[in-house]
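Enquirer: My questions will all concern the structure given below.
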């Protein structure tokens, strides 16, 4: 009950200043891959292009320059590897679909009404909704159990910089680094982590009058 009351209190505080808030919709393209830390050697795989779609809120804190931006996004992530084994070419691609929940701190460095520039950073929790491994055209679903070695949830850190136009439209570049492993490597051995770079854009809609 205390948790429910606390959530209602936060919602009430946010609702007290709706005229200063913005609701946003974004869409874009990510280039994702993984890095594997094995015996001190860092190995990277091929980057793959993936789509993302998301919703967010800009909640001003103590003024118009500093904002807290909770966001919910559907994000595809994948990586590929291509190698020869005993004269046979093997192409493998791992595809996963995530639901990302993030909270970014955003600061408007410049905002003259027509053009603005901001930077943002914060944690993002990713929940894998589905996935598959494709090897030479054959697909196998990822079950997220002990046998396939994939964790369903991951923690990431996002950093972004963007331009706003007329305070409504925006375009943003973003980098995301994995903080937790996709698998269950012991003592950090064999840690497999996402990293991605991307660009997205969208529209911000003022709430209230």
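Enquirer: How long are the three semi-axes of the equivalent ellipsoid of region 21-206, in whole Å, if each is the root of 5 times an eigenvalue of the C-alpha gyration tensor, listed from largest down? Walk me through the numbers before you get to the answer.
Expert: Values: eigenvalues 246, 53, 42 Å².
So the three semi-axes of region 21-206 are 35, 16, 15 Å.
Enquirer: May I pose another question? Take region 48-140, compute every pairwise Cα distance, and split them into 10 Å bins from 0; I just need the percent in each bin.
Expert: So the P(r) values, bin by bin, are 14, 31, 23, 17, 11, 4, 0.
Read-outs throughout are calculated quantities, based only on the coordinates presented, and are distinct from any laboratory measurement. Just so we're clear, the structure is a prediction, and the values are computed from it rather than from any experiment.
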